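Notes to accompany the following structure.
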Amino acid sequence: PVLISVNQRNKRKFVTVVQGLEHHGVKLADAAKAFGKKFSCGASVVKGKGGATDAIDIQGDFGDTVGDIIADQFGVPREVIFLSDGGKK
């Protein structure tokens, strides 16, 4: 599954985290570059610590739209994309 979560960093700053793309044949560096261009923001690949999977951090609250881009641009089925807004108030 591809997990999308939106975490609050400061009072008004959010980070969108995308996990599980590598299981669908998507290169994380290419996806991070595409997200950065699409949303005009910073996007980077974060290495998982302690056995956790690698993830993409996108600066900003893009939880609603990033799932559509993953499905349309990278061909990941919509059935395996899940959104959870953790830490969002």
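The values are calculated or read from the model by the stated rules, or taken from the named source; none is laboratory data. Bear in mind the structure is a predicted one, so any value in this text is a computation, not a measurement. All Cβ positions, glycine included, derive from the backbone under ideal geometry; neighbour counts span all protein chains shown. Calculation scope for accessible area: heavy atoms of the full protein, side chains included, ligands and nucleic acids excluded. Shrake-Rupley method; radii C 1.70, N 1.55, O 1.52, S 1.80 Å.
Couple of notes before you dig in:
- Members of segment 58-74 that are in contact (Cβ under 8 Å) with a residue 12 or more places away in the chain and either closer than 15 Å to E22 by Cβ or open to solvent by 80 Å² or more (accessible area, probe 1.4 Å) (or both): Q59, D64, I70, Q73, F74
- Every pair of residues 6+ apart whose Cβ atoms lie under 6 Å, when the first sits in segment 45-57 and is within 13 Å of G20 (Cβ to Cβ) while the second is open to solvent by 80 Å² or more (accessible area, probe 1.4 Å): D54/K47
- The one condition in (1) open to solvent by 70 Å² or more (accessible area, probe 1.4 Å); (2) touching a helix residue (DSSP H, G or I) at 6+ places or on another chain (Cβ under 6 Å); (3) not small (G, A, S) that K11 fails to fulfil: (2)
- Candidates in segment 19-39 are the residues that are in contact with a Phe, Trp or Tyr (Cβ under 8 Å, 6 or more places away or on another chain) and closer than 18 Å to E79 by Cβ; of these, the one that is most open to solvent (accessible area, probe 1.4 Å) is H24.
- Selected residue (only one of G67, G42, G75 is under 15 Å from V6 (Cβ atoms) and among the small types (G, A, S)): G67
- Of residues in segment 40-52 being over 18 Å from R12 (Cβ atoms) and in contact with a helix residue (DSSP H, G or I) (Cβ under 7 Å, 6 or more places away or on another chain), the one least open to solvent (accessible area, probe 1.4 Å): A43
- Residues satisfying the stated conditions in segment 43-89, i.e. modelled with pLDDT of 95 or more and in a loop (DSSP other than H, G, I, E, B): none
- Selection over segment 32-42 of residues that are of a type in the set (S, T, Y) and not in a loop (DSSP other than H, G, I, E, B) gives a count of 0.
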